[in-house]
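Each remark here refers to the structure printed beneath this line.
The values are calculated or read from the model by the stated rules, or taken from the named source; none is laboratory data. Remember, predicted model here, so these are calculated numbers, not experimental data. Virtual Cβ from ideal backbone geometry, glycine too; neighbours counted across all protein chains shown. SASA here: full protein model, heavy atoms, side chains in, ligands and nucleic acids out. Shrake-Rupley method; radii C 1.70, N 1.55, O 1.52, S 1.80 Å.
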Amino acid sequence: VGAAAQEDRINRLAAMLGLEHLLERDVENLSGGESQKVAFARALAIEPPILLLDEPLAPLDPPSREGLREEIIKMHGQMSTTTVHVTHDQLTARILADHIGVMHNGVLRQFGPAEDVFHRPADEFVARFVGMENVFNGRAAGGADGAEIDIDGIVLKSATDLRGAVGLCISPEMIHLVTKGGRTFANALQGTVRAVSDRGSVFRVIIDVAGRLLTAHLGRREYEQDPIAAGAAVTVGFDPDDVHCFHVGGA
């Protein structure tokens, strides 16, 4: 590559990653976020067909991490480079990934579109790894429109066509508090609130249903319109489509 072409490539990468103001600065005087951006630029300068990233955002503080995520998204929009990104950060995976592979002890437990992995995990390990807090085992039998799953006496309706021993999971975002005169759900369970914690954009509510703990994530506005506290008796509801089932034993 000629010197002029090389300089043009460097300038384009600097503009893409917002590094123009750092071109004359010594790398030893860069911040953590700036150093990571420079590392990206160096890797991209050779125009690799595949870029391998191993936890590149882990050492950064939250503001720098968010900024670099945005730069990576911008980079994907402007280049054809396929990127394999290793991370344990679920938020980073949700934001950046088109497809996700979940590995455990050298075994690929699930690979597919990000939406499938997060909302339709293949087994219990994947479900827990991606943050499905409501994970149980039960027995599925034929129902009117799908299956009825018995979890030690708690019967849930699911749209699954699986039968026999199954695992199941319900995303905390899909569990609602049922209010008088509000929406009705095919799955409506009585319980007692055990704990409430403020997580910023959501409130995490733990509900005891016949000895089983369910976790619900309530939006801040929803919670503030009808706040609850530990000890309150509540009804929780969710749809059969939100009860995802998988074979016990997994992939």
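Just a few scattered comments:
- Å² of accessible area per residue within the stretch 137-204, as computed with a 1.4 Å probe and no ligands counted: 54 Å²
- Note on residue 37: lysines with a C-alpha under 24 Å away, same-chain residues under 8 apart excluded, are 74.
- Prolate/oblate/rounded label for the stretch 83-230 (Cα gyration tensor, a/c 1.5): oblate
- Checking (1) 21.3; (2) 18.5; (3) 20.0 against Kirkwood radius over Cα pairs in Å calculated from these atoms, the matching label is (1).
- Rounded percent of accessible protein surface that carbon and sulfur make up, the stretch 192-251, 1.4 Å probe: 49 percent
- Think of it as helices only: each DSSP H run of n ≥ 4 in the chain is worth -39500 (n - 2.57), and spread over all residues that comes to -8000 deg cm²/dmol at 222 nm.
- Here each label is just a point 7 Å from Cα along the line to Cβ, and for residue 46 and residue 144 those points are 6.3 nm apart.
- Dipole in debye (nearest 20) - the chain, about Cα centre, beta carbon charges: Lys, Arg +1; Asp, Glu -1: 500 debye
- Comparing Cα centroids, the stretch 90-152 and the stretch 25-63 end up 32 angstrom apart.
- Derived scalar couplings between HN and Hα for the stretch 197-212 equal 9, 7, 10, x, 6, 9, 10, 9, 10, 9, 10, 8, 10, 6, x, 9 Hz in order, rounded to whole Hz, by the Karplus curve 6.51 cos²θ - 1.76 cosθ + 1.60 (θ = phi - 60°), x for Gly and Pro.
- Shown here: the stretch 139-184, whose C-alpha atoms stretch 35, 22, 19 Å along the first, second and third principal axes, sorted largest to smallest.
- Percent carbon-and-sulfur accessible area, the stretch 98-146, ignoring ligands, DNA and RNA, probe 1.4 Å: 52 percent
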